[in-house]
Amino acid sequence: MRTKTRSEKPYMAVLAILCWFALILQLYLVISHKVPPGMHLLGRIIRYFSFFTILSNLLVGISLGFVLLDPEAPLSGFFSRPLVQTAIVLYISLVGLIYSTLLREVWDPKGLQKVADKLLHDIVPVLYVLYWLIFTPKGLLHWKDVLRWLIFPLAYLAYILLRGALSGIYPYPFLDVSLGGYARVFVNIGLLLLTFIGIGLIMVLVDRLMGRSSKGSLQG
C-alpha cells in the first residue's frame, strides 16, 4: 500500500465524517417521515437502499472507512487501488450530474432534508472528485477499465427494473415504467450508460495525461 501524504488522511477523515453523517441523516429522515406515507419500516429501509445516490455515497464512506481505520486489511488494499477509486469517482460524480440536470428542479427540500440533499448530491461528490484528482496515483488506468466499471450500474438497473415490476415502485422518474413504458425507460437507460461510458473515458484520459505529467516532472 502506498504511503499517504501528511494532508491526505485529514482530508479523508473529514470527507468520511461528512459522508456518514449525510447517510445516517437521510436514513433517519426516511424512517421518521414515513415516505411514502403508510409504508412499513422494512419497506422504507429497502427504499432507502434502492437509490443510486445512497449506494454511491456508501461506497465512498465504506472505502474511506476501511482505509482509515484498518489500513492493513485486504479490503483497504482493494479500496486503495486506483482502478477502484476511479470507479467510485465515476459513480459519485454521476450522482451529482444526474441530480443537477434531471432532479434538482423536481422537488424543493427544506430543513434537515435540504442538509442531507446538499451533502449527498453536491458536497460529497465534489470532495471525492477532488480527492481523486489530488491523491490517487495516476497513469495506471486502461481504456478497457471503463467496461468493467459498468458492472455495478448494470446490476443496479437490473435490480431496479425487477423490483419495480414486482412492487410498482421506482426510485427515479426516468426509470419509472408506469410513466413512460419500457420503451422510454430503455431509451433513458441507454442514454445513462452512454453518459457513464463518456465520463469514464474522460477520466481515463485525465488519468493518463496526469500520469505522463507527473513522470515528466520526476524525470526533469
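The values are calculated or read from the model by the stated rules, or taken from the named source; none is laboratory data. This is a predicted model, so every value here is computed, not measured. Cβ sites come from the backbone with ideal geometry, for glycine too, and all protein chains shown count toward neighbours.
A count restricted to the range 112-160 and to residues that are outside any helix (DSSP H, G or I), touching a helix residue (DSSP H, G or I) at 6+ places or on another chain (Cβ under 8 Å) and either closer than 17 Å to Leu90 by Cβ or among the β-branched types (Val, Ile, Thr) (or both) stands at 8. Residue count for the range 64-80 satisfying the condition of being part of a helix (DSSP H, G or I) and surrounded by 13 or more Cβ atoms within 10 Å (Cβ to Cβ): 11.
Condition check ((1) at pLDDT 95 or above; (2) on the phi > 0 side of the Ramachandran plot) across all residues:
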| site | (1), (2) |
| --- | --- |
| Val30 | no, no |
| Lys34 | no, yes |
| Gly38 | no, yes |
| Gly43 | no, no |
| Thr53 | yes, no |
| Asn57 | yes, no |
| Leu64 | yes, no |
| Asp70 | no, no |
| Ala73 | no, no |
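Where the second residue is surrounded by 18 or more Cβ atoms within 10 Å (Cβ to Cβ) and among the polar types (S, T, N, Q) and the first is modelled with pLDDT of 95 or more and part of a helix (DSSP H, G or I) and lies in the range 186-202, which pairs have Cβ atoms under 7 Å and are six or more apart or on separate chains? Close Cβ pairs satisfying both conditions: Ile199/Ser93. Whether a residue is surrounded by fewer than 18 Cβ atoms within 10 Å (Cβ to Cβ), of a type in the set (D, E, K, R) and either modelled with pLDDT under 95 or in contact with a Pro (Cβ under 6 Å, 6 or more places away or on another chain) (or both) was assessed, and Asp117 does not pass this test.
A single member of Ser100, Ser32 is over 29 Å from Trp143 (Cα atoms), of a type in the set (Ser, Thr, Tyr), surrounded by fewer than 18 Cβ atoms within 10 Å (Cβ to Cβ) and free of Cβ contacts under 8 Å to residues at least 24 places away in the same chain, and it is Ser32.
Scoring Lys144 on the criteria (1) more than 16 Å from the chain's Cα centre (by Cα); (2) under 20 Å from Ile98 (Cβ atoms); (3) among the charged types (D, E, K, R); (4) exposed (fewer than 14 other Cβ atoms within 10 Å of the Cβ) leaves a single failure, condition (2). Taking the condition touching a residue at least 24 places away in the same chain (Cβ under 8 Å) and out of contact with any helix residue (DSSP H, G or I) (no Cβ under 8 Å at 6 or more places or on another chain), does Gly77 pass? Considered against the rule, which asks whether it is touching a residue at least 24 places away in the same chain (Cβ under 8 Å) and out of contact with any helix residue (DSSP H, G or I) (no Cβ under 8 Å at 6 or more places or on another chain), Gly77 comes out as yes.
Going through (1) over 30 Å from Ser32 (Cβ atoms); (2) out of contact with any Lys or Arg (no Cβ under 6 Å at 6 or more places or on another chain) one by one, Gly111 falls short only on (1). Tell me yes or no: at least one residue of the range 55-62 is in contact (Cβ under 8 Å) with a residue 24 or more places away in the chain and touching a Gly at 6+ places or on another chain (Cβ under 6 Å). No, because not a single residue in the range 55-62 is in contact (Cβ under 8 Å) with a residue 24 or more places away in the chain and touching a Gly at 6+ places or on another chain (Cβ under 6 Å). Of a type in the set (Ser, Thr, Tyr) and modelled with pLDDT of 95 or more, is that true of Tyr172? It is false that Tyr172 is of a type in the set (Ser, Thr, Tyr) and modelled with pLDDT of 95 or more. I want to confirm something. Restricting to the range 81-97 and keeping residues that are touching a residue at least 12 places away in the same chain (Cβ under 8 Å) and either farther than 21 Å from Ile54 by Cβ or of a type in the set (S, T, N, Q) (or both), which single residue is surrounded by the fewest Cβ atoms within 10 Å (Cβ to Cβ)? Only one residue fits best here, namely Leu83.
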